[in-house]
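> Can you read through this structure? Questions will come right after.
Readers should treat all values here as calculations from the given coordinates under stated rules, not as data from a laboratory. The structure presented is a predicted model; accordingly, all values stated were derived computationally and were not measured. Glycine also receives a Cβ, built like all others from the backbone with ideal geometry; neighbour counts cover every protein chain displayed.
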Amino acid sequence: MFENTSKSFLGSGLNFPLRVDALGSLELVSADRDIQQSIGIILGTRPGERVMRPEFGCQAHDLIFEPRDAILVGKIRSCVMKALAMWEPRIDVIDVRPTLDSESDGGVLVTIEYQIKSTHDQRSIVYPFFIEAQEAW
């Protein structure tokens, strides 16, 4: 049975942030790393930041002044699931678990479990959102 170990079918793209390799060419990433970087770009972009694609990104950034509670966690979960379903067609999101980060004031750690559609490999990453805490008067 033939096994494709190169994973070239997962695609490749420019490394983010952009880097130049030893030969002076722009560095590329491929396969799993390309998908991880794509997820980071999607979640790190506020809708409206990209002029030619203003709807691209994740609306969790709009929650910056929300109280840090269970409602915020649910809203972030919904925003992340919606953004990944819309903008990263190479994966199926299995679960999104935001947790309030007790180490940082305003931090929310989002654990994302996903499956790469073409290989059925399951992966998980933790993406940090930083939401400013609401000040008490």
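> Defining a contact as two alpha carbons under 8 Å apart and six or more residues distant in sequence, what relative contact order in percent does the stretch 32-137 show?
22
> Quote to one decimal, in nm, the extra length available between THR111 and ASP62 on full extension: 0.36 nm per residue of separation minus the C-alpha distance between them.
Working: separation 49, 0.36 × 49 = 17.64 nm, distance 1.93 nm.
Extra length available between THR111 and ASP62 comes to 15.7 nm.
> Okay, next question. Dividing the Cα radius of gyration by the Kirkwood radius, what Rg/Rh value follows for the stretch 27-68?
On the way: Rg = 12.9 Å, Rh = 11.7 Å.
When Rh is taken as the Kirkwood radius, the ratio is 1.11.
> Right, next: From the Cα gyration tensor of the stretch 48-94, with a ≥ b ≥ c the square roots of its eigenvalues, which class applies: rounded if a/c is under 1.5, or else prolate if a/b is larger than b/c, or else oblate? Present the calculation step by step, with values, prior to reporting the outcome.
Values: a/c = 4.77, a/b = 1.29, b/c = 3.69.
Oblate shape, in that a/c is at least 1.5 and b/c is the bigger or equal ratio.
> So how strong a dipole does the stretch 33-96 carry about its Cα centre when Lys and Arg Cβ are +1 and Asp and Glu Cβ are -1, to the nearest 20 debye? Don't jump to the answer; show the numbers that get you there.
On the way: 9 positive and 9 negative charges, 20 e Å.
Value, rounded to 20: 100 debye.
> Also, I was wondering about something else. Quick query: amide H of VAL108 versus all other amide H atoms, modeled in the peptide plane; which residues come in under 5 Å with a sequence gap of 5 or more or a different chain?
ASP101, PHE129, PHE130, ILE131
> Something else: How large is the dipole of the stretch 13-130 about the Cα centre if only Lys and Arg carry +1 and Asp and Glu carry -1, each at its Cβ, rounded to the nearest 20 debye? If you can, show how the numbers build up before the last one.
Values: 13 positive and 17 negative charges, 58 e Å.
Roughly 280 debye, rounded to the nearest 20.
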